[in-house]
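Undergrad: Quick one: structure below, then a few questions.
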Amino acid sequence: NSNNHSEEQASRMVKDQFVNVVKAHARMACLEQGFEKKSNGEPIYIFVVVRVGFGALNPRWSRHKEFIKRAKDGKELPVREPNTQRIMGYIQKALKGIAYSKDNQVVASCIIKRYEQVEGIEVLVGAPRNLKELYHDVRNA
């Protein structure tokens, strides 16, 4: 069926565009933070915040208005796409070769989704020298 094929192609194109945007954000984060590639054996961490928009919610509808208010107050979490594991995978692929050489150099990673008016992705890459420094950075990220 040509309709299903067209829908699959459109879906694949949207996914590819999303992956490219995520990778661009990850690479830009390294540049903005002045992060230099770490050689084999040097640890890094990756923290990510995904700002998810409200999509098709209509703020004029009372039920949607209440939901948006709760979400803005941090009382609603975005239990919806995009999938956090998939996003982290895209980011790690984008950063490999730019921030680090081998996957085992990533000693910590964290990804959080939250509702925001403006969608986007924030990426923080760091290179802790020891466990105490890693804990400090995790608590203050």
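The values are calculated or read from the model by the stated rules, or taken from the named source; none is laboratory data. None of these values were measured; they are calculated from a predicted model. FYI the Cβ positions are ideal-geometry reconstructions off the backbone, even for glycines, and counts take in every protein chain you see.
Undergrad: Could you identify the single residue in Lys75, Lys23, Lys93 that is part of a loop (DSSP other than H, G, I, E, B) and closer than 25 Å to Ala141 by Cβ?
TA: One residue alone meets the criteria, Lys75.
Undergrad: While we're on this one: Specify the residue that is farthest from Gly53 (Cα to Cα); the eligible residues are those in the stretch 78-90 that are modelled with pLDDT of 85 or more and assigned to a loop (DSSP other than H, G, I, E, B).
TA: Asn83
Undergrad: A follow-up question, please. What number of residues within the stretch 119-141 are in a loop (DSSP other than H, G, I, E, B), in contact (Cβ under 8 Å) with a residue 40 or more places away in the chain and surrounded by fewer than 16 Cβ atoms within 10 Å (Cβ to Cβ)?
TA: 2
Undergrad: Right, another one. Has the stretch 99-121 got any residue that is out of contact with any strand residue (DSSP E or B) (no Cβ under 9 Å at 6 or more places or on another chain) and among the small types (Gly, Ala, Ser)?
TA: Within the stretch 99-121, one or more residues are out of contact with any strand residue (DSSP E or B) (no Cβ under 9 Å at 6 or more places or on another chain) and among the small types (Gly, Ala, Ser).
Undergrad: Going by the structure shown, is Val50 under 26 Å from Val107 (Cβ atoms), modelled with pLDDT of 85 or more and within 15 Å of the chain's Cα centre (by Cα)?
TA: yes
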